[in-house]
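Participant: Below is a structure I'd like to ask you about.
The values are calculated or read from the model by the stated rules, or taken from the named source; none is laboratory data. Everything numeric in this text was worked out from a predicted model, so none of it was measured. With ideal geometry, Cβ positions are generated from the backbone for all residues, glycine too; neighbour counts draw on all protein chains shown. Ligands, DNA and RNA are excluded from the accessible area calculation, which covers all protein heavy atoms including side chains. Shrake-Rupley method; radii C 1.70, N 1.55, O 1.52, S 1.80 Å.
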Amino acid sequence: MTTETTTAWTKPHILSLETFAAPEYETLLETADSFREVLSRRTKKVPALQGQVVANLFFEPSTRTRSSFELAAKRLSADTLNFSGSSSSLAKGETIFDTAKTYMAMGANIMVIRHRQAGVPHTIAAEMDRLQTDVRILNAGDGQHEHPSQALLDLFTLYQWLSSSSPHQFLAGKKVALVGDILHSRVARSNLYSLTAMGATVHLAAPPTLLPKAFQGLLPESYQDQLICHWEIEPALAEADFIMTLRLQKERMSDHLLPSLREYHQRFGITRDRARLAKDHVKILHPGPVNRGVEISSDLMDDPECSLISQQVASGVAVRMALLYLIGTSS
Ligand code: NCD
């Protein structure tokens, strides 16, 4: 692979896409593309991060994000350390700062952090900077705030699917429907920034309890025309190029925001009939884990003609290699 990137990478930490600019998305997509090529080789490994230590600090459950970061780090020849909240010294009362400092003392160069509380990766990054360490922090999902690597792998999946010749504004003229539990979704927030920055118009759809009006104002003024909220599904799906479904986050729904999952499926679930409202060859994405038969019907989810879900998982490794590589090798 070429390790030349179009723009020198200047972000030491990756905490949020709110501050990402177009050249950064473009560099990321191009870098991920070269790692995708590495992953198609017989020997799927490069020495880019040899000698570096990547610590996965997951204070909240995860299957695909944690495994995907671990595999990405290994494919870059880094050494990996895995931590999970429930089986660690946290259970003995240690603070997250002390946990992070313990990994720092072991020589961790990059910490990939997931926490149920929004802002934890930012706070640890600020502490690492204050201590003048070179430790880089990557947000792997903080509360209901952001999940940058998920949105970037979604973006890369669309980029691959469209086989665009250049990443520049490659989603211009495309309509993306983002449907589901938007209120609780860090994936939705990060995707709003990335999709609109690359030119797409995003149509959000959910019951009013899961899509507060305030979402309309989430983006800076120059992007507001590219964001439209709907409280019914049909106008969001009409002529859509892509449908992104989001999991109903039962663990975060303490306030009984929905009458029942069945009713949600009847009104907002993506079924074959509903998918017909969209463009002919519409593609459907879901970050996983999926509640089968709730946000999407089981047959549609398993139909390779419609679903890009497996491609998203595969893209995850290339995109996370790109993220680790960019922050691990920039000065
Ligand atoms: C998402 C997450 O954890 O925010 N999943 C993921 O990272 N693959 C979405 C979700 O949990 O619904």
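Participant: Separation of the range 4-69 and the range 157-213 by C-alpha centroid, Å?
Facilitator: The range 4-69 and the range 157-213 have Cα centres spaced 20 Å from each other.
Participant: Further question on the same structure: Taking K and R as +1 and D and E as -1, what net charge do the other residues with C-beta under 12 Å from the C-beta of VAL46 add up to? Before the final figure, lay out the partial values.
Facilitator: On the way: positive: ARG41, LYS44, LYS45, LYS74, ARG75; negative: GLU37.
Taking every Cβ under 12 Å from that of VAL46, the sum is +4.
Participant: Further, regarding this structure: Let me check against my output: what whole-number percent is the relative contact order of the chain, with C-alpha pairs under 8 Å and at least 6 apart? Before the final figure, lay out each step's value.
Facilitator: Details: 616 pairs, mean separation 67.2, N = 331.
Relative contact order here is 20 percent.
Participant: Could you check the spin-label model distance between HIS168 and SER222? Points 7 Å from the Cα along Cα→Cβ, value in nm.
Facilitator: 1.6
Participant: What whole-number value in Å² describes the accessible area per residue of the chain for a 1.4 Å probe?
Facilitator: Details: 14130 Å² over 331 residues.
Heavy-atom accessible area per residue stands at 43 Å².
Participant: Any chance you could give the angle, 0 to 90 degrees and rounded to 10, that helix 64-75 forms with the longest Cα principal axis of the chain?
Facilitator: For 64-75 against the chain, the angle is about 40 degrees.
Participant: Taking the 0 to 90 degree range and rounding to the nearest ten, how far is the long axis of helix 186-197 tilted relative to the main principal axis of the chain, both from C-alpha atoms?
Facilitator: 80
Participant: Continuing with the same structure: Give me the angle, in degrees from 0 to 90, between the Cα long axis of helix 309-329 and the longest principal axis of the Cα atoms of the chain, rounded to the nearest 10.
Facilitator: Once rounded, the angle reads 30 degrees.
Participant: Something else about it: Residue by residue through the range 278-291, which ³J(HN,Hα) values in whole Hz follow from phi under the Karplus form 6.51 cos²θ - 1.76 cosθ + 1.60 (θ = phi - 60°), with glycine and proline marked x?
Facilitator: 7, 4, 3, 9, 4, 10, 10, 10, 7, x, x, x, 9, 8
Participant: Continuing with this model, one more query. Sequence gap of 8 or more, or different chains, plus Cα separation below 25 Å: how many lysine pairs satisfy both in the chain?
Facilitator: So the count of such lysine pairs works out to 14.
Participant: A further question follows. Averaging over all projection directions, find the projected area of the Cα convex hull of the range 148-312 and quote it in nm² with one decimal place.
Facilitator: Values: hull surface 35.4 nm².
Directional mean of the projected Cα hull area for the range 148-312 stands at 8.9 nm².
Participant: For the chain, with all protein chains present and a 1.4 Å probe, just round the carbon and sulfur fraction of the accessible area to a whole percent.
Facilitator: Working: 7080 of 14130 Å².
Solvent-exposed carbon and sulfur of the chain make up 50 percent of the total.
Participant: Sorted from largest to smallest, which semi-axis lengths in Å does the alpha carbon gyration tensor of the chain give for its equivalent ellipsoid, taking the root of 5 times each eigenvalue?
Facilitator: Working: eigenvalues 203, 108, 66 Å².
They are 32, 23, 18 Å, listed largest first.
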